[in-house]
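Report on one structure; see the data block that follows.
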Amino acid sequence: MATIYPMISTISFQDVCYSGRLDHLCFEVEQGSQTLLVTSRADDNTALYQMMAGLVQPLSGMISMFGQHLSEMDAAGLQYMRQTVAIVPAGGGLISNLKLWENITLPIVYEKGTLSGECTEEAYDYLRKLNYSGNIMALPAHLSLNEKRMAAFIRGALKRASLMIYSDCFDMSSDTNRSNFISVIKEYHQADTTRTALFISTSEKIAADISPDRVIHLHRSASNNLGS
């Protein structure tokens, strides 16, 4: 008889409560999966990915990332965990006084001290795939919302993030832009089956575009938080 190995959880929420808005959340996101969390409000999305990154603490409950409880991690452990996670927030999350190219390459330069020719070419390749034709030295104030989100994705892709969190970032200016962005995202995750994609949105309609493996509804009652 073949041995059946349990699936590894990238994220696990066990009876998590936060700020009176998110109550008794219980769900798991499996490694290598593409999962959609459907929430009630955009503010909840921000709270969720901030909790996953260990930036804010829940009122109660247990959050595990890559099999480790966040509450038991020291500063070094949290920093190491964050290096494996990338977030593409609705607003792009770029540093306002850094140019586009600097925003994209910041994690690599910070970690390694320099940017290799291979990494440089990969960054340019992503810019081409995402149809960016503007100035790579433009400040975020001169970028469209789509371009800011694109930059956040490339930043995560260059550092080979094991977990990419996409928060309400697919309300693109055109169907073509959205389709192309999703196509590049899919390509990134398919290149390594251990990479996990977590989509957080206030609308389930995006499921038609991203075709997730699983949809979890967090705005329903606690008994339904395990998803459907």
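Based on Cα contacts under 8 Å between residues 6+ apart, the chain shows a relative contact order of 31 percent. Taking the centroid of alpha carbons for each part, region 32-84 and region 147-167 are 16 Å apart.
Using a/c under 1.5 as the rounded threshold, could you call region 116-212 rounded, prolate or oblate? The axes a ≥ b ≥ c are square roots of the C-alpha gyration tensor eigenvalues, and prolate needs a/b larger than b/c, oblate otherwise.
Here region 116-212 falls in the oblate category.
Could you work out [θ]222 nm for the chain from helices alone, using -39500 (n - 2.57) per DSSP H run of at least four and dividing by all its residues? Round to the nearest 500 deg cm²/dmol. Provide the component values of the computation, followed by the final result.
Details: 7 runs with 80 residues, N = 228.
Result for the chain: -10500 deg cm²/dmol, rounded to the nearest 500.
Within the full protein context, the accessible area of Tyr166 is estimated at about 0 Å² for a probe radius of 1.4 Å. The residues Lys186, Lys99, sorted by heavy-atom accessible surface at 1.4 Å with ligands and nucleic acids left out, run Lys99, Lys186 from largest to smallest.
With a 1.4 Å probe and all protein chains in place, put Thr193, Thr202, Thr84 in order of accessible area, largest first. Write down the numbers at each step before the final one.
Numbers: Thr193 115, Thr202 60, Thr84 30 Å².
Sorted by accessible area, descending: Thr193, Thr202, Thr84.
Solvent-accessible area assigned to carbon and sulfur over the chain amounts to 50 percent, based on a 1.4 Å probe.
Keeping every protein chain present and rolling a 1.4 Å probe, give me the accessible area per residue for region 1-108 in Å².
Values: 5410 Å² over 108 residues.
Ligands and nucleic acids excluded, the result is 50 Å² per residue.
Could you check which residue among Arg82, Arg41, Arg195 shows the biggest mean-square fluctuation in a GNM of the chain with a 10 Å Cα cutoff? Residue with maximal mean-square fluctuation among Arg82, Arg41, Arg195: Arg41. In square angstrom, rounded to the nearest 10, how much accessible surface does Phe66 have for a 1.4 Å probe? Accessible area of Phe66: about 80 Å².
The values are calculated or read from the model by the stated rules, or taken from the named source; none is laboratory data. These numbers were taken from a predicted model, which means no experiment stands behind them. Just the protein is used for accessible areas: all its heavy atoms, side chains included, with ligands, DNA and RNA removed. Shrake-Rupley method; radii C 1.70, N 1.55, O 1.52, S 1.80 Å.
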